[in-house]
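Please find one structure pasted underneath; my questions will follow.
Where a number appears in this text, it was derived from the coordinates with a stated rule and is not lab data. Everything numeric here is computed off the predicted structure, so don't read it as measured data. When we count neighbours, we look across all protein chains shown, and the Cβ atoms used for this are built from the backbone with ideal geometry, even at glycine.
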Amino acid sequence: DQQVKQNSPSLSVQEGRISILNCDYTNSMFDYFLWYKKYPAEGPTFLISISSIKDKNEDGRFTVFLNKSAKHLSLHIVPSQPGDSAVYFCAAQRRETSYDKVIFGPGTSLSVIP
Amino acid sequence: NAGVTQTPKFQVLKTGQSMTLQCAQDMNHEYMSWYRQDPGMGLRLIHYSVGAGITDQGEVPNGYNVSRSTTEDFPLRLLSAAPSQTSVYFCASSYSIRRYAYEQYFGPGTRLTVT
């Protein structure tokens, strides 16, 4: 049973528009969430994170929103650029238990069309 | 800084063979981990380590062994390769403050095929 779900395997967006990637989790004990970006034949790279005490975190074109009651988070990319085309993984962990396992979702492949 | 390095990049094994995937980091990170990536499954944690001499199992540890004799190195051993272990393997490390691990830095991956 997947604890972290990304129900859209793929997403296509026009350059300049907003990309919204969604992630749902089932374990209410998760208290720290991260997004990673992965290009083909490379390792994932960290993009942005959010603690459960916040509902929004922003870093340049990237904003992550957390809705704890719905166990849902989303990553907004504005404006989308062709270089954003990659697979995006949502991840969750229970930091309060220290070094607990980081659980990744299956990923969403984003294509930004020029 | 080289970051996280992994060798080899590609490997083909026959069923029953054993091998070690190497991972090293030069960032003095306490926390290191091994993941496998399979289509539609995301990244699944195999084993992790919170410091030299300390390792623990992840979600899918069966068929794999790890050890952590130094801060820098975290090798992953396949004891008797099976076709189900065909995957892309990623090693990662992260710094920690008061035992809270932060974002992870990943290596470039090892693509393993078991025939």
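For the pair B:Tyr95/A:Lys56, report the inter-label distance in nm, with labels modelled 7 Å from Cα in the Cβ direction.
Inter-label distance under the simple model: 2.9 nm.
Given a cut-off of under 8 Å on Cα pairs at least six residues apart, what relative contact order in percent is computed for chain B?
Reported relative contact order: 35 percent.
If you don't mind, there's one more thing I want to ask. 7 Å from Cα along Cα→Cβ at both B:Glu72 and B:Phe10: what's the point-to-point distance in nm?
A separation of 2.9 nm, rounded to one decimal place.
Which whole-number percentage describes the relative contact order of the range B:60-115, with Cα contacts under 8 Å and a sequence gap of 6 or more?
31 percent
Extension gain A:Ser109-A:Ile18, at 0.36 nm per residue separation less the Cα-Cα distance, in nm?
Separation in residues times 0.36 nm, less the Cα-Cα distance, equals 31.3 nm.
May I pose another question? Using a 10 Å cut-off around each Cβ, can you sort A:Arg61, A:Arg94 from fewest to most neighbouring Cβ atoms?
Final ranking by Cβ density, sparse to dense: A:Arg61, A:Arg94.
Given axes a ≥ b ≥ c from the Cα gyration tensor, I'd like to know whether the range A:25-70 is rounded (a/c under 1.5), prolate (a/b larger than b/c) or oblate.
Cα axes put the range A:25-70 in the oblate bin.
With the crude spin-label approximation of a point 7 Å out along Cα→Cβ, what separation in nm comes out for B:Met19 versus A:Gln81?
According to this spin-label approximation, the distance is 3.8 nm.
Please go through the residue pairs A:Lys37/A:Lys101; A:Lys5/A:Lys101; A:Lys38/B:Lys14; A:Lys101/B:Lys9 and name each one whose alpha carbons sit more than 21 Å apart in this structure.
A:Lys38/B:Lys14; A:Lys101/B:Lys9
Which far-off residues, 5 or more places away or on another chain, put their amide H under 5 Å from the one on B:Gly3, with H placed in the peptide plane?
Answer set, sorted by chain and number: B:Asp26.
Then there's this: Taking amide H atoms as placed 1.01 Å from N in the peptide plane, list the residues 5 or more away in sequence, or in a different chain, whose amide H sits under 5 Å from that of B:Thr86.
Long-range HN contacts for B:Thr86: B:Val114.
Please list 3J(HN,Hα) in residue order for the range B:29-35, calculated via the Karplus relation 6.51 cos²θ - 1.76 cosθ + 1.60 where θ = phi - 60°; whole Hz, with x for glycine and proline.
Here the 3J(HN,Hα) series is 7, 6, 8, 9, 8, 10, 10 Hz.
Same structure again: Of the listed peptides B:74-81, A:51-58, B:60-67, what is their order by residue-averaged count of other C-beta atoms within 10 Å, with the highest listed first?
The densest-packed peptide leads the list: B:74-81, B:60-67, A:51-58.
Count, for each residue of B:81-92, the Cβ atoms from other chains sitting within 10 Å of its Cβ, then give me the mean as a whole number.
If you average over the peptide's residues, the count of other-chain Cβ atoms is 1.
What FRET efficiency, computed as 1/(1 + (r/R0)^6) with R0 = 22 Å and r the Cβ-Cβ distance, is obtained for A:His72 and A:Ser10, rounded to the nearest 0.05?
0.70
How large is ³J(HN,Hα), in whole Hz, for each residue of the range A:22-34 in order, when computed from phi with the Karplus curve 6.51 cos²θ - 1.76 cosθ + 1.60 and θ = phi - 60°, using x for Gly and Pro?
Each residue of the range A:22-34 in turn: 10, 8, 10, 10, 10, 8, 6, 7, 4, 10, 8, 10, 9 Hz.
Still on this structure, please answer the following. Expressed as a whole number of Å, what is the distance separating the alpha-carbon centroids of the range A:22-53 and the range A:4-19?
Result: 15 Å between the Cα centres.
Would the range B:19-69 count as rounded, prolate or oblate if I go by the C-alpha gyration tensor, calling it rounded below 1.5 in a/c and otherwise prolate when a/b exceeds b/c, oblate otherwise?
The shape class here is prolate.
Ignore the peptide's own chain and count Cβ atoms of other chains within 10 Å of each Cβ in A:35-45; give me the average, rounded.
Partner Cβ neighbours, averaged per residue: 5.
Sticking with this one: Which of the lysines could a cross-linker span from A:Lys56 if the Cα-Cα distance has to be under 17 Å and same-chain partners fewer than 8 positions apart are dropped?
Counting by Cα, and skipping residues close in sequence, A:Lys56 has these lysines nearby: A:Lys68, A:Lys71.
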